[in-house]
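One structure is given here, and the rest of the page talks about it.
The values are calculated or read from the model by the stated rules, or taken from the named source; none is laboratory data. Since the model is a prediction, treat every value here as computed from it, not as a measurement. Ideal geometry is used to build each Cβ from the backbone, glycine not excepted, and the neighbour counts take in all protein chains shown.
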Amino acid sequence: MRISETGEFGLIDRLRQIVGEPGEGEVWVGDDAAVLRAPAGTILFTTDLMIEGVHFDLEITGPEDLGYKALAVNISDVAAMGGTPRRALVSLGLRPQMETEWVERLYRGMRECADQFDMAIAGGDISRSDCLLLSVALLGNPAGRLVIERKGARVGDVICVTGTLGESAAGYRLLRAGIKERADLKDRHLRPTPRVKEVEILRRQLPTAMIDVSDGFAADLSHLCEQSEVGAIVRSSDLPLVDLTDVELDRDPLELGLHGGEDYELIFTIPADRADEALSKVTRETKTAVTVVGEIVEGRGMALVIDGEESELEARGWDHLRT
C-alpha cells in the first residue's frame, strides 16, 4: 500500500504502534506537541516541516513572510497545549544557487516572529537540497505542570473557537488570483497569529481540551473528538466566518471556514458553566473574539446544523499524503 493511499493520519497511526506508548506523564505522537518530563518540570517539544511546492509557493510568498510563518506555526502548536514558546532550532535544505541575501531575509522574518513572542532561535542545521525545505523544532513550557491535551473533552462541554475562520484560505486564493484588494486576508495567510496571549488567559479557566486550526476547523475538531472519544454538534449560524463582502472571490465562506485550514485559531472545549467568564476574560484582555459554536455530545461523529436541519459534518481538510 502506498502512503498516498494510507494518508497522513493513517500513517501516523501505524507509526504510533511502532514508537510505543509514552512514559508516565508524557504525550508523544498524536497531539499538537510532545509533552516530556524533565528534572526541572514539564516541557513541550514540537516540530514542523515546510516543503517548497507542498506548503508554500515562492511566487506568492516572500522570504520574510515565509520565515515568520515557519516559526509561527510551531508556536501555535505549543500554544494549543497551553504552553509558552521558549527556544527553536531551524534546519534548512537549500539549493546551492540560492542567493545568500534571500536566506538572510528568511531569517529576519523568523527573528521578527521570535521577538514578538519573547523567544529565541537557538541553532539548527543547513544542508543541500533540490527544493527549499524548512524544519523548525521548538521547545516550550506550560504553566507549572498544566498541559491542555486533545483528549479531555467531556459530554456537555461547549465548543469554542478564537478569532475568525476561513480568512487564511480566502487570502491564499486572493494571492493566487493576483487580486490586489484585501491585504488583511492575505496577511492572515502569510503571517498567522499564534494565540499565545490568549492561552495565557484561557489556561487559567481550565479548558478541558484544545487544538489549533491547521488542517481545517472540521478536520481538527474531528481529531479532538477522536482523542476524547466523543461526538460534536456545530451550529453554522454561530461560526465566526470570513467576510467576503466586496471581494471578487467565488467561494462560500462556510466552506472556507469549515475546511480551508491554516487559520491557526484555537478550538477548545470547556464546561458550559465556565464558558461565559472564560470568553469574556480572553476578549477583554486580548481583544480577540471567542465564540461558542457547538456542544460535545455522546457517541462518535460530528453534526452540522444549518437552518435547523442537522447533517453530517465531514472531517475534510488538509492531508499531506493524500493525492
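Condition check for D246 on (1) assigned to a strand (DSSP E or B); (2) touching an Asp or Glu at 6+ places or on another chain (Cβ under 8 Å): one failure, at (1). Of all residue pairs spaced 6 or more apart or on separate chains, those with beta-carbon atoms under 9 Å, a first member in the range 180-207 that is on the phi > 0 side of the Ramachandran plot and assigned by TED's automatic domain parsing to the domain that holds R284 and a second member that is crowded, with 16+ Cβ neighbours inside 10 Å and part of a helix (DSSP H, G or I) are R182/A170; R182/G171; R182/L174; L206/A278.
Let me confirm something: among G261, G294, G301, G317, which residue is of a type outside the set (K, R), surrounded by 23 or more Cβ atoms within 10 Å (Cβ to Cβ) and modelled with pLDDT under 95?
Details: G294 fails: modelled with pLDDT under 95; G301 fails: surrounded by 23 or more Cβ atoms within 10 Å (Cβ to Cβ); G317 fails: surrounded by 23 or more Cβ atoms within 10 Å (Cβ to Cβ).
Going through G261, G294, G301, G317 in turn, just one is of a type outside the set (K, R), surrounded by 23 or more Cβ atoms within 10 Å (Cβ to Cβ) and modelled with pLDDT under 95: G261.
Scanning the range 114-151 for residues that are without any contact (Cβ under 8 Å) to a residue 12 or more places away in the chain and either among the small types (G, A, S) or within 22 Å of V213 (Cα to Cα) (or both) returns a single hit, Q116.
Being of a type in the set (A, V, I, L, M, F, W, C), crowded, with 24+ Cβ neighbours inside 10 Å and either assigned to a helix (DSSP H, G or I) or under 17 Å from the mean Cα position of the chain (by Cα) (or both) is not true of L279.
Take the conditions (1) assigned by TED's automatic domain parsing to the domain that holds D65; (2) more than 17 Å from the chain's Cα centre (by Cα); G83 misses just one of them, which is (2).
Go over the candidates S228, S214 one by one and state the one that is in contact (Cβ under 8 Å) with a residue 60 or more places away in the chain and either over 30 Å from D118 (Cβ atoms) or surrounded by 24 or more Cβ atoms within 10 Å (Cβ to Cβ) (or both). It would help to see each step written out before you state the result.
On the way: S214 fails: either over 30 Å from D118 (Cβ atoms) or surrounded by 24 or more Cβ atoms within 10 Å (Cβ to Cβ) (or both).
When all the criteria are applied, what remains is S228.
Of everything in the range 99-134 that is in a helix (DSSP H, G or I) and hydroxyl-bearing (S, T, Y), the residue that is surrounded by the most Cβ atoms within 10 Å (Cβ to Cβ) is Y107.
Listed here are the residues, each with its yes/no results for (1) in a loop (DSSP other than H, G, I, E, B); (2) modelled with pLDDT of 85 or more; (3) of a type in the set (S, T, N, Q).
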{"residue": "G25", "(1), (2), (3)": "yes, no, no"}
{"residue": "D32", "(1), (2), (3)": "yes, no, no"}
{"residue": "V35", "(1), (2), (3)": "no, no, no"}
{"residue": "V54", "(1), (2), (3)": "yes, yes, no"}
{"residue": "L58", "(1), (2), (3)": "yes, yes, no"}
{"residue": "T61", "(1), (2), (3)": "yes, yes, yes"}
{"residue": "D65", "(1), (2), (3)": "no, yes, no"}
{"residue": "Y68", "(1), (2), (3)": "no, yes, no"}
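Does A218 satisfy being modelled with pLDDT of 95 or more, in the same structural domain as A177 (by TED's automatic domain parsing) and touching a His at 6+ places or on another chain (Cβ under 7 Å)? Break it down into steps so the answer makes sense when it comes.
Values: modelled with pLDDT of 95 or more: yes; in the same structural domain as A177 (by TED's automatic domain parsing): yes; touching a His at 6+ places or on another chain (Cβ under 7 Å): yes.
Yes; evaluated as a whole, the condition is true for this residue.
From the residues in the range 177-221 that are assigned to a loop (DSSP other than H, G, I, E, B), of a type in the set (V, I, T) and in contact with a Phe, Trp or Tyr (Cβ under 9 Å, 6 or more places away or on another chain), which one is farthest from V78 (Cα to Cα)? Filtering first and then ranking leaves T208. If you check L138, L106 for being modelled with pLDDT of 90 or more and under 23 Å from V199 (Cβ atoms), only one passes: L138.
Mind checking which residues of the range 232-243 are assigned to a strand (DSSP E or B) and either crowded, with 21+ Cβ neighbours inside 10 Å or out of contact with any Asp or Glu (no Cβ under 6 Å at 6 or more places or on another chain) (or both)? Even if it seems obvious, please write down each step before you answer.
Filtering the range 232-243 down to residues assigned to a strand (DSSP E or B) leaves 232-235, 241.
Scanning the range 232-243 gives A232, V234, R235, L241.
Among the residues of the range 249-265, write down those that are touching a Ser or Thr at 6+ places or on another chain (Cβ under 7 Å) and in a loop (DSSP other than H, G, I, E, B). Please lay out each step first, then the result.
Let us first name the residues in the range 249-265 that are touching a Ser or Thr at 6+ places or on another chain (Cβ under 7 Å), namely 254, 260-265.
Result: G260, G261, E262, D263, Y264, E265.
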